[in-house]
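Engineer: Supplied in structure tokens, the structure appears directly below.
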There are 2 protein chains.
Amino acid sequence: MPALDLTQSSVDLTRTICDVPSVSGDETRLADLIHEALRGLPHLEVHRDGDTIVARTGLGRDRRVAIAGHIDTVPVNHNLPTRDIVDDGEPYLWGRGTVDMKAGVAVQLKLAAELTDPRVDLTWMWYDHEEVDAGLNGLSRLAAARPDLFAADFAILGEPSNGAVEGGCNGNLRVLVRTRGVRAHSARAWMGENAIHAAAPILARLSEHRPREVAVDGLVYREGLNAVRIDGGIAGNVIPDLCEVEVNYRFAPSRSVEEAGRYVRDVFAGFDVDVVDQASGARPGLDAPLAQEFLAAVGAEPRPKYGWTDVARFSALGVPAVNYGPGDPSLAHHDQERVPLAQIDEVERGLRAWLSSP
Amino acid sequence: MPALDLTQSSVDLTRTICDVPSVSGDETRLADLIHEALRGLPHLEVHRDGDTIVARTGLGRDRRVAIAGHIDTVPVNHNLPTRDIVDDGEPYLWGRGTVDMKAGVAVQLKLAAELTDPRVDLTWMWYDHEEVDAGLNGLSRLAAARPDLFAADFAILGEPSNGAVEGGCNGNLRVLVRTRGVRAHSARAWMGENAIHAAAPILARLSEHRPREVAVDGLVYREGLNAVRIDGGIAGNVIPDLCEVEVNYRFAPSRSVEEAGRYVRDVFAGFDVDVVDQASGARPGLDAPLAQEFLAAVGAEPRPKYGWTDVARFSALGVPAVNYGPGDPSLAHHDQERVPLAQIDEVERGLRAWLSSP
């Protein structure tokens with residue numbers, strides 16, 4: 001693998017780093033490339049923790065902005081290597097990671113190398129394990145080990161936002177809903193109790209559920225309640241005694257994780273419900289002075305962020321944070337994930353202009 | 001492992017061979033023990049095919065009876081080694097395989113060694129892979145490789161029947177019922193289609209289904225339609241695009257496998273249904289002369305066999321066959337599988353008396 005060339009265009013750099021697959025848990029190769037490309041740059045102090053890389057300027061500015069992006073993706077589904085495609089006359093880069101979120105990472109890497117004299121001090125962060133259990137998240141690990149590296153007045157996550165500024169984020173809860181039965185030979189099913197059949201009302205409640213839309217600080221957040229896994233069965237001739245449904249609840253930031261947990265238990269009243277993963281949402285946080293300056297500089301109308309992002313992690317540390325990155329977030333994790341080339345350039349221009357201006 | 005001692009009582013022999021775990025696919029150790037114990041006996045001609053062992057007398061009798069049993073079990077579920085227990089004053093041997101069907105196999109092994117001068121020629125058969133796909137079944141493999149070994153006028157399967165004679169058996173069909181959707185990030189569920197939610201009507205139809213009871217040649221067969229596995233999901237934050245429900249249909253022997261397939265497709269109308277495994281049932285077959293003699297000798301009132309057993313395989317080869325073995329079939333595959341010691345002795349006495357009488 002040749003070294004990562006940060007002088008190429010953000011579009012080319014996106015293509016290059018997408019073609020280094022980095023599904024969660026398998027980020028080391030890409031982290032090595034990023035580490036190698038940055039460690040020699042004189043204006044940056046580079047730290048590494050596992051597959052998380054932090055690069056900081058130390059220019060003595062009175063304010064500091066953190067700019068972060070995760071380098072992992074969800075599993076590849078026959079959508080790598082990337083391809084250049086044209087859709088309705090518009091050129092796109094197609095493939096896993098193009099939207100979530102290597103185009104954003106590519107812009108950040110290029111600017112980290114080139115912005116040697118920014119108007120604020122910068123803390124660039126590229127991290128692992130964002131797409132899996134919150135407990136594995138590289139940023140979370142680093143926040144515990146090196147909280148000093150998170151000191152900042154404002155943070156920008158490069159998560160896809162169609163080049164707009166998306167404020168706050170929904171909270172995220174995952175629970176297991178379980179049914180239990182009694183095993184028996186399937187030739188004598190009446191001697192057992194079928195735990196999979198007992199899960200029928202769980203799926204019925206999910207398919208009938210109508211998610212809420214909730215206004216928070218002027219932005220409207222859309223919720224979601226979805227089965228993301230179902231699992232049951234022992235053998236082809238055994239009545240199963242256990243069925244597990246893993247349910248993901250995305251909830252507006254006006255609701256705490258505790259309230260979200262109560263809500264889900266209420267939806268599945270009568271069933272065993274265990275929380276396996278939870279993360280608070282973040283209110284929009286757009287009243288911070290740097291947020292106002294940033295919004296004015298990129299000329300964007302703020303919108304709500306539906307997905308949970310690590311803005312919530314900065315928010316919890318008292319650092320106001322927004323999402324700003326290329327790519328349509330509704331195509332994240334999609335088999336047809338693809339980013340318009342123009343948005344990559346646009347986000348690069350937006351960030352460069354704001355960070356360069358005196 | 002010491003050699004298998006076939007002079008011990010059938011009860012002790014049951015305990016011994018149950019404590020040699022032999023979950024389907026892992027029968028070699030037990031097959032080796034059986035092979036070793038029989039190969040030196042002068043009245044038997046012993047064949048081996050994989051983990052299936054056949055031992056035949058060649059006494060020139062005008063009639064031949066095949067007596068068969070499978071040596072595999074469903075997976076162990078914290079129910080080995082065996083334990084001696086007493087329930088309501090009655091002594092039992094408890095543990096995986098005691099009912100399905102090592103007590104029957106133990107009786108057969110003991111009689112194979114001891115009945116050196118039976119009234120009919122005997123073909124003893126112990127085989128592997130009965131508890132899994134019909135395509136793996138050792139008896140099926142042998143029927144293709146050595147059909148000559150199946151020549152018989154009557155067959156007895158030692159499947160658990162509470163020491164009664166159970167005629168025929170239900171047919172067995174396994175199908176996959178699938179739903180498909182569109183993947184998306186679970187934070188934007190409305191961009192995808194949740195294949196697990198789409199499976200709600202499948203589970204609803206299963207849980208509402210009322211199985212038939214069908215009279216065939218005077219015996220009443222009870223059917224069953226059950227999910228035995230469900231599987232869906234990609235990651236904790238992805239709307240799943242596929243859900244599979246594996247359904248097992250046990251059907252009365254008056255219905256062909258083709259009719260059974262049409263019935264299941266009808267139940268799941270509107271969904272993708274693929275047959276993955278199928279086995280015809282067997283009508284009771286109790287009008288055969290040797291069947292009549294056998295019923296008279298053991299003094300039993302015949303009953304229907306609910307579970308599919310390899311009587312259907314003999315039946316398909318034109319050999320009338322019944323089930324006769326110790327153990328309550330409703331406890332087969334059950335976590336509390338256990339056999340009354342008295343039934344083991346009773347079945348040994350029944351078979352010994354009929355096979356020894358001039």
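Engineer: Taking B:ASP49 in one copy and the same position in all the others, each labelled 7 Å out along Cα→Cβ, what are the pairwise distances from the first, in nm, shortest first?
Structural biologist: Listed shortest first, these distances are 6.4 nm.
Engineer: Moving on. Peptide B:322-335: average number of partner chain Cβ atoms within 10 Å per residue? Spell out each step's value before the answer.
Structural biologist: On the way: counts 0, 0, 0, 0, 0, 0, 2, 4, 7, 4, 7, 13, 9, 5.
Per residue, the number of nearby Cβ atoms from other chains is 4 on average.
Engineer: Considering all projection directions equally, how large on average is the shadow of the alpha-carbon convex hull of the protein assembly as shown, in square nanometres? List each step's numbers first, then the result.
Structural biologist: On the way: hull surface 146.9 nm².
Directional mean of the projected Cα hull area for the protein assembly as shown stands at 36.7 nm².
Engineer: Turning to a different aspect of this structure: If chain B were replaced by its equivalent ellipsoid, with semi-axes equal to the square roots of 5 times the Cα gyration tensor eigenvalues, what would those be, largest first, whole Å?
Structural biologist: Working: eigenvalues 317, 104, 71 Å².
In descending order the semi-axes read 40, 23, 19 Å.
Engineer: Sticking with this one: Before rounding to the nearest 500, sum -39500 (n - 2.57) across all DSSP H runs of length at least 4 in chain A and divide by the residue total; then give [θ] at 222 nm in deg cm²/dmol.
Structural biologist: It comes out at -7500 deg cm²/dmol, rounded to the nearest 500.
Engineer: Continuing with this model, one more query. List the aspartates and glutamates whose Cα sits under 13 Å from the Cα of A:LYS305, skipping any in the same chain fewer than 8 residues away.
Structural biologist: A:GLU159, A:GLU166, A:GLU213, A:ASP217, A:GLU223, A:ASP328
Engineer: Treating the beta-carbon of each Lys and Arg as +1 and of each Asp and Glu as -1, no other charges, what is the dipole magnitude of the stretch A:199-343 about its Cα centre, to the nearest 20 debye?
Structural biologist: Values: 14 positive and 21 negative charges, 66 e Å.
About 320 debye.
Engineer: According to a simple spin-label model (label point 7 Å from Cα along Cα-to-Cβ), what is the distance in nm between A:ARG262 and B:LEU59?
Structural biologist: Output for this residue pair reads 8.0 nm.
Engineer: Considering only the label points, 7 Å along Cα→Cβ from Cα, what distances in nm to one decimal separate A:TRP190 from the same position in each other copy, shortest first?
Structural biologist: The projected label point of A:TRP190 is separated from its counterparts by 4.9 nm.
Engineer: Quick one: Kirkwood hydrodynamic radius for the stretch B:222-329, alpha-carbon pairs, angstrom, one decimal? Could the numbers behind the result be given before it?
Structural biologist: On the way: mean 1/r = 0.0595 Å⁻¹.
Result for the stretch B:222-329 stands at 16.8 Å.
Engineer: Just how large is the dipole of chain A about the Cα centre, in debye to the nearest 20, putting +1 at every Lys and Arg Cβ and -1 at every Asp and Glu Cβ? Don't skip to the answer; put the middle values down first.
Structural biologist: Details: 36 positive and 53 negative charges, 144 e Å.
Charge dipole of chain A: 700 debye, to the nearest 20.
Engineer: For labels at A:GLU208 and A:LEU136 in the simple 7 Å Cα→Cβ model, what's the distance in nm?
Structural biologist: It works out to 3.6 nm between the two label points.
Engineer: What lysines could a cross-link reach from B:LYS110, if we take a straight Cα to Cα line under 24 Å and drop same-chain neighbours fewer than 8 places away?
Structural biologist: In chain and number order, the partners are B:LYS102.
Engineer: Could you work out how far apart the two model spin labels at B:VAL86 and B:VAL220 are, taking each label as a point 7 Å from the Cα in the direction of the beta carbon, and quote it in nm?
Structural biologist: Modelled inter-label distance: 3.7 nm.
Engineer: Right, here's the next one. Could you pull the copy-to-copy label distances for B:SER356, with points set 7 Å along Cα to Cβ, in nm to one decimal and sorted shortest first?
Structural biologist: 10.3
Engineer: Only bridges with both residues in the protein assembly as shown count here: give the DSSP antiparallel percent, nearest 5.
Structural biologist: On the way: 111 of 145 bridges.
Of all bridge pairs located within the protein assembly as shown, approximately 75 percent are antiparallel.
Engineer: Enter the angle in degrees (range 0 to 90, nearest 10) between the Cα long axis of helix A:289-298 and the first principal axis of the Cα atoms of chain A, meaning the one along which they spread out most.
Structural biologist: Roughly 80 degrees between the two axes.
Engineer: Any idea what log10 I(q)/I(0) is at q = 0.13, 0.19 Å⁻¹ for the stretch B:10-60, Debye with uniform C-alpha scatterers and no solvent?
Structural biologist: Here log10 of I(q) over I(0) equals -0.36, -0.71.
Engineer: I've got another one for you. Please report, to one decimal in angstroms, the Kirkwood hydrodynamic radius of the stretch A:171-278 built from all distinct Cα-Cα pairs.
Structural biologist: Working: mean 1/r = 0.0667 Å⁻¹.
Averaging 1/r across every pair of different Cα atoms and inverting gives 15.0 Å.
Engineer: Please report the orientation-averaged projected area of the stretch A:1-124, defined via the convex hull of its C-alpha atoms, in nm². Before the final figure, lay out the partial values.
Structural biologist: Numbers: hull surface 33.6 nm².
Reported value for the Cα convex hull: 8.4 nm².
Engineer: Mind putting a number on the dipole of the protein assembly as shown about its Cα centre? Charges go on the C-beta only, +1 for Lys and Arg and -1 for Asp and Glu, and I need it in Debye to the nearest 20. Working shown, then result.
Structural biologist: On the way: 72 positive and 106 negative charges, 138 e Å.
Roughly 660 debye for the protein assembly as shown.
Engineer: Using just the C-alpha positions of the stretch B:293-358 as equal point scatterers, what log10 of I(q)/I(0) does the Debye formula give at each q in 0.12, 0.26, 0.28 1/Å?
Structural biologist: Here log10 of I(q) over I(0) equals -0.39, -1.25, -1.26.
Engineer: Take the alpha-carbon centre of the stretch B:180-249, take the same for the stretch B:330-358, and report the distance between them in whole Å.
Structural biologist: Result: 38 Å between the Cα centres.
Engineer: Now for a separate question. Cut-off is 10 Å between beta-carbons; in what order do B:MET125, A:MET191 appear when sorted fewest neighbours first? Spell out each step's value before the answer.
Structural biologist: Working: B:MET125 26, A:MET191 18.
In order of increasing Cβ crowding within 10 Å: A:MET191, B:MET125.
Engineer: Using only atoms on other chains, find how many Cβ atoms lie within 10 Å of each Cβ of peptide A:307-314 and report the average. It would help to have the intermediate numbers written out before the result.
Structural biologist: Values: counts 5, 3, 1, 0, 0, 0, 0, 0.
Per residue, the average neighbour count from other chains is 1.
Values quoted throughout were computed directly from the atomic coordinates according to the rules given, and no laboratory measurement underlies them. Predicted model, so just to flag it, every value in this text is computed and none were measured. Quick reminder, even Gly has a Cβ in these numbers, built from the backbone with ideal geometry, and neighbours come from all protein chains shown.
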